[in-house]
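The values are calculated or read from the model by the stated rules, or taken from the named source; none is laboratory data. All of these numbers come straight from a predicted model, not from anything done at the bench. Note that we place each Cβ from the backbone using ideal geometry, even for glycine, and neighbour counts take in every protein chain shown.
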Amino acid sequence: MQDKWLEDRVAYIRGLKSPNDHQRLLLLLNDKKDATNDDRRKLVALIHAEKAADRAQRAKASVAKIVNAEKQAVRKRRDHELYQSAGLLILAGLVDTKTGKPTIDRGELLGALLGLAKVPSDDSRRRDWKRAGDALLVELEKEGR
C-alpha cells in the first residue's frame, strides 16, 4: 500500500508544473539508486509530510464542499421565496404565466407597488387586501393549485 501510494504520488508530483522544494527533494531521493540510510530517513520524513499535505488538501476540499452546499441551500431558499412572490403577481393577473411578462405597463406596475409600500401597516385598506388575498389563496388551495 505504501509503495502504491508513493508510486501514485510521485507520478502526480512529476505532473505538476512547479512542485515545491520538498516535493522536488522527494523525487530526487525516491529516484536515487544508491541511497544511504540518511537518504532513506529523509525520504520517509518527506513521505510523511507529503501524506499530511495530501490529507490537508482533501480536508480543505471537504470543507469547501460543505460550505458551498450551505450557500447553495440558502440561495435555493431565497430563489424559492422569489418564485413564490412572482407567483403572487401571476395570481393577481399582473404577470402572464406563459411569458413571465407584466400584463400592464411596467412603470404602472412598479408605481402601484411603490404606492402599496407607502401604505402604513395599520391602514384599513391593507386589512381588506389581506382578506381578499387570503380568500383567493384558500380557494386555490381547495382546488389543489
Could you say which residue among Asp8, Asp54 is touching a Lys or Arg at 6+ places or on another chain (Cβ under 9 Å), among the charged types (D, E, K, R) and assigned to a helix (DSSP H, G or I)? Asp54
So, first residue within 19 Å of Leu89 (Cβ to Cβ) in segment 117-144, second residue part of a helix (DSSP H, G or I), Cβ within less than 7 Å, six or more apart or across chains; the pairs are Val119/Arg125; Val119/Arg126; Leu136/Leu91
Counting only residues that are at positive phi and either part of a helix (DSSP H, G or I) or among the aromatic types (Phe, Trp, Tyr) (or both), segment 102-145 contains a total of 0
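The rows are residues; the columns are (1) within 30 Å of Asp8 (Cβ to Cβ); (2) not basic (Lys, Arg).
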{"position": "Arg40", "(1), (2)": "yes, no"}
{"position": "Val44", "(1), (2)": "yes, yes"}
{"position": "Ala52", "(1), (2)": "yes, yes"}
{"position": "Gln57", "(1), (2)": "yes, yes"}
{"position": "Lys76", "(1), (2)": "no, no"}
{"position": "Ser85", "(1), (2)": "no, yes"}
{"position": "Leu94", "(1), (2)": "no, yes"}
{"position": "Arg126", "(1), (2)": "no, no"}
{"position": "Trp129", "(1), (2)": "no, yes"}
Return the total of residues in segment 114-127 being exposed (fewer than 11 other Cβ atoms within 10 Å of the Cβ) and either of a type in the set (Gly, Ala, Ser) or more than 25 Å from Glu141 (Cα to Cα) (or both). 8
Filter segment 79-101 for residues that are in a loop (DSSP other than H, G, I, E, B), loosely packed, with under 12 Cβ neighbours inside 10 Å and of a type in the set (D, E, K, R) and give the result. Lys98, Lys101
(1) closer than 27 Å to Arg14 by Cα; (2) surrounded by 10 or more Cβ atoms within 10 Å (Cβ to Cβ); (3) out of contact with any Asp or Glu (no Cβ under 8 Å at 6 or more places or on another chain): which one isn't true of Lys32, the others all being true? (3)
The residue from Lys76, Lys65, Lys71 that alone is under 30 Å from Leu137 (Cα atoms), at pLDDT 95 or above and either of a type in the set (Asp, Glu) or in a helix (DSSP H, G or I) (or both) is Lys76
